[in-house]
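Here's the structure we're looking at; comments come further down.
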Amino acid sequence: MPLAEVLVYLGPFVVDSAWQLEIEEWLGGGDLGAIPPEARLSTLDLLALIPPSVQVVDGVFTAWAGSARVVVVEAFDSTSWDITSTDERILTALADRYPDAHDLPT
């Protein structure tokens, strides 16, 4: 599943967030490695930067609301995502949308 799909689904929860990116490897073009790790992008800017054709193989995307971390989306081998949040609404919405999703081990 492309990152764009995850971001669109998370939209109501992260539309006003600022995203911090740590991308190690990706496929499908673009110069994602040029984005400094301290940069923060709006959700819309992030969606524009990473089109559906881009597959993130190894990367972490953190959404911030001010100084509070809202959600962390971590890519593994471009086929799965670990998504963590302290907001139960986000986790419930993801479980409803993706019934095969499961809780991460603690």
- Note on the structure: The residue from ALA75, ALA48 that alone is open to solvent by 50 Å² or more (accessible area, probe 1.4 Å) and of a type in the set (A, V, I, L, M) is ALA48
- Query: Within segment 38-71, restricting attention to residues that are assigned to a strand (DSSP E or B) and hydroxyl-bearing (Ser, Thr, Tyr), which residue is nearest to ARG89 (Cα to Cα)?
  - Reply: THR62
- Message: Looking at segment 82-99 only, could you name the residues that are closer than 23 Å to GLY59 by Cα and not in a helix (DSSP H, G or I)?
- Response: ASP82, ILE83, THR84, SER85, THR86, ASP87, TYR98
- Restricted to segment 3-18 and to residues being of a type outside the set (A, V, I, L, M, F, W, C) and more than 10 Å from the chain's Cα centre (by Cα), the residue most open to solvent (accessible area, probe 1.4 Å) is ASP16
- When segment 19-34 is checked residue by residue, the ones that are surrounded by 18 or more Cβ atoms within 10 Å (Cβ to Cβ) and assigned to a loop (DSSP other than H, G, I, E, B) are none
- Query: Are any residues in segment 72-81 of a type in the set (Gly, Ala, Ser), farther than 20 Å from ASP45 by Cα and part of a strand (DSSP E or B), and if so, which ones?
  - Reply: SER80
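The values are calculated or read from the model by the stated rules, or taken from the named source; none is laboratory data. A quick note: this is a predicted structure, and the numbers were derived from the prediction, not measured. Heads up, the Cβs are rebuilt from the backbone with ideal geometry, glycines too, and the neighbour counts pull from every protein chain shown. Side chains are part of the model used for accessible areas, which takes the heavy atoms of the whole protein and leaves out ligands, DNA and RNA. Shrake-Rupley method; radii C 1.70, N 1.55, O 1.52, S 1.80 Å.
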